[in-house]
Amino acid sequence: MTSRVTGTGREVRVRRAVARDAKRLTRLVRTSSAYEGPYAPMIAGYRVGPDYIEAHRVFVALGPDDRVLGFHALILSPPELDLMFVADAAQGLGVGRLLIAHMRGEARAAGIDRVRIVSHPPAEGFYLGVGARRTGTVRARPPAVMWDRPELELPTEQR
């Protein structure tokens, strides 16, 4: 999938991630400013390994210079958006919406009509803005996750 992304004026392509992308995806997660302050412990030491990439549908958004702008990971059974990150420098440029559109297409192709999202609390507004609806709250599970998180459901057909 290739698309022009707002604000960049450049083409962004989305392709299936491969094992050699693991270090770049891990770096994107660990340097995300969305996980600073009280959220930092959740990604401390986090790793997107080659085994994870091979076991799940992981797709990466790349700029024209092959720089990683973001990625998403879709689990098919049960259907869930497991990970989605957009690089700090690409925030607000439409990369997240491009990744959501791509994820929806992948889910539809797999026969899925709804995808569960357990959101990072500050990202809830983004997911609501792309058509998700809140279905509940996933309670904190210390020490891994110290805060409650919004649970949402995203239809794969855009309304």
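The values are calculated or read from the model by the stated rules, or taken from the named source; none is laboratory data. Since this is a predicted model, take the numbers as computed values, not measurements. A quick note on method: Cβ atoms are made from the backbone with ideal geometry, for glycine too, and the neighbour counts reach across all protein chains shown. When the accessible area is computed, the model is the full protein with side chains, heavy atoms only, and any ligands, DNA or RNA have been set aside. Shrake-Rupley method; radii C 1.70, N 1.55, O 1.52, S 1.80 Å.
The GluC sites (Glu not before Pro) found in the range 20-118 that occupy coil by DSSP, while having at most 12 further C-beta atoms within 10 Å, are E36. Here is the list for the range 77-145: trypsin sites (Lys or Arg not before Pro) lying in DSSP coil, each with at most 13 other C-beta atoms within 10 angstrom of its C-beta, are R139. Computed from the alpha carbon positions, the gyration tensor of the range 20-108 leads to an equivalent ellipsoid with semi-axes of 19, 16, 13 Å, biggest first. With R₀ fixed at 30 Å, the C-beta to C-beta distance from V145 to D65 puts the FRET efficiency at about 0.30. Normalised per residue, the accessible area of the chain is 52 Å², obtained with a 1.4 Å probe and no contribution from ligands, DNA or RNA. The charge dipole of the chain, taken about its Cα centre with unit charges on the Cβ of Lys, Arg, Asp and Glu (plus for the first two, minus for the last two), comes to roughly 160 debye.
Per residue of the chain, the DSSP helices (runs of n ≥ 4 H) give a summed -39500 (n - 2.57) that works out to -6500 deg cm²/dmol at 222 nm.
Considering only V14, P38, W147, the residue lying farthest towards the positive end of the dipole of the chain is V14, judged by Cα position with unit charges set on Cβ.
For the chain, the normalised intensity computed at q = 0.09, 0.19, 0.20 Å⁻¹ comes to -0.27, -1.36, -1.51 (log10 of I(q)/I(0), Debye sum over alpha carbons, equal scatterers, no solvent). If a spin label sat at a point 7 angstrom from the Cα of R20 along the line to its beta carbon, no backbone N atom of the range 43-78 would be nearer than 11 Å. For the pair T31 and R13, label points projected 7 Å from Cα toward Cβ lie 2.2 nm apart. Each label point was placed 7 Å from the Cα along the Cα-to-Cβ direction; for V118 and H56 their separation is 1.1 nm.
Within the range 79-159, the proportion of Cα pairs with more than 18 Å between them is 42 percent. Protein heavy-atom surface of the chain, 1.4 angstrom probe: 50% of the accessible area is carbon and sulfur, with nucleic acids and ligands not counted.
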